[in-house]
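Here's the structure we're looking at; comments come further down.
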Amino acid sequence: MRRMREDTRPSRRGKPDPAFLIRRMTREDLPAVMDLEKASFRNPWSQELLQRELTHDWSIIFLLEEPLPEGGRRLLGISIFWIVHDEVHVLNVATAPEHRRRGVAHALMDATLAEGRARKCCLATLEVRKGNEAAINLYKAFGFRAVGVRPNYYVDEGVAPEDAIVMVLDF
């Protein structure tokens with residue numbers, strides 16, 4: 001891992017909608033989560049991988065939903081993270097494309113980090129695509145700082161490999 005210079009520019013946080021509901025994922029949520037993954041990523045997580053995450057004690061998947069006027073709820077985003085000893089490792093944050101810029105990812109990160117604090121974690125880590133400026137700015141708004149680069153970390157079929165920025169947050 002190469003070290004990189006820290007960027008200390010301040011960034012702004014969006015305010016999440018107070019009607020958002022955040023809860024843990026269950027097996028019954030798999031079809032909706034798979035639809036969101038496919039809409040959000042070129043290489044979405046597989047159903048098998050998501051099912052496996054549901055079986056691990058250290059893995060947590062939060063869903064963010066909003067109530068519908070006619071009843072029921074609509075899935076807007078997910079956060080997948082591990083809590084191992086005193087560390088939170090964020091694996092995936094996804095927002096349905098049509099609901100971006102509404103504070104969904106912000107609310108999910110807030111809940112993810114709150115879970116880590118409640119479990120007495122002292123550090124949060126993640127990797128983010130070097131070209132994903134929106135995500136990088138979101139993480140910086142929470143106080144994450146870049147500590148290194150993983151060269152060619154993201155390898156997508158038919159697309160040039162992309163570096164990952166390793167970011168950490170001390171609680």
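The values are calculated or read from the model by the stated rules, or taken from the named source; none is laboratory data. The model shown is predicted, which means the values in this text are computed figures rather than measured ones. In this analysis, Cβ positions are derived from the backbone assuming ideal geometry, glycine residues included, and neighbour counts consider all displayed protein chains. Just so you know, the surface numbers come from the protein's heavy atoms only, side chains and all, with ligands and any DNA or RNA stripped out. Shrake-Rupley method; radii C 1.70, N 1.55, O 1.52, S 1.80 Å.
Details
- Cβ-Cβ contacts under 9 Å between residues 6 or more apart (or on different chains), taken from a first residue in segment 158-171 that is over 12 Å from LYS140 (Cα atoms) and of a type in the set (Phe, Trp, Tyr) to a second residue that is in a strand (DSSP E or B) and open to solvent by less than 20 Å² (accessible area, probe 1.4 Å), are listed as PHE171/VAL88; PHE171/ALA124.
- The numbered conditions (1) over 19 Å from MET167 (Cβ atoms); (2) in contact with a Leu (Cβ under 6 Å, 6 or more places away or on another chain) are all true for ALA124 except (1).
- Any hit, segment 70-86, residues being over 25 Å from SER46 (Cβ atoms) and in contact with a Cys (Cβ under 7 Å, 6 or more places away or on another chain): yes
- Flag for GLY131 being open to solvent by 20 Å² or more (accessible area, probe 1.4 Å), free of Cβ contacts under 8 Å to residues at least 60 places away in the same chain, assigned to a loop (DSSP other than H, G, I, E, B) and closer than 21 Å to ALA105 by Cβ: yes
A quick yes/no check of all residues on (1) assigned to a strand (DSSP E or B); (2) out of contact with any Asp or Glu (no Cβ under 6 Å at 6 or more places or on another chain); (3) of a type in the set (Ser, Thr, Tyr):
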position	(1), (2), (3)
ASP110	no, yes, no
ALA124	yes, yes, no
GLU127	yes, yes, no
ALA135	no, yes, no
LEU138	no, yes, no
ASN152	yes, yes, no
VAL166	yes, no, no
LEU169	yes, yes, no
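- Tally of residues being surrounded by fewer than 18 Cβ atoms within 10 Å (Cβ to Cβ), in contact (Cβ under 8 Å) with a residue 24 or more places away in the chain and not basic (Lys, Arg) across segment 41-55: 4
- Qualifying residue in segment 47-60 (condition: touching an Asp or Glu at 6+ places or on another chain (Cβ under 6 Å) and not β-branched (Val, Ile, Thr)): yes
- Candidate set from segment 97-114 (those that are of a type in the set (A, V, I, L, M) and farther than 21 Å from PRO44 by Cβ); member that is surrounded by the fewest Cβ atoms within 10 Å (Cβ to Cβ): ALA114
- Residue, farthest from the chain's Cα centre (by Cα), within segment 83-132, restricted to residues that are of a type in the set (D, E, K, R) and more than 22 Å from ASP170 (Cβ to Cβ): GLU98
- Residue that is at pLDDT below 95 and within 28 Å of ASP29 (Cα to Cα), where the choices are GLY158, GLY71, GLY116: GLY71
- Filtering segment 69-80 for residues that are of a type in the set (Lys, Arg), touching a Pro at 6+ places or on another chain (Cβ under 9 Å), in a strand (DSSP E or B) and in contact (Cβ under 8 Å) with a residue 40 or more places away in the chain leaves a non-empty set.
- Qualifying residue in segment 43-60 (condition: under 19 Å from ALA107 (Cβ atoms) and not in a helix (DSSP H, G or I)): yes
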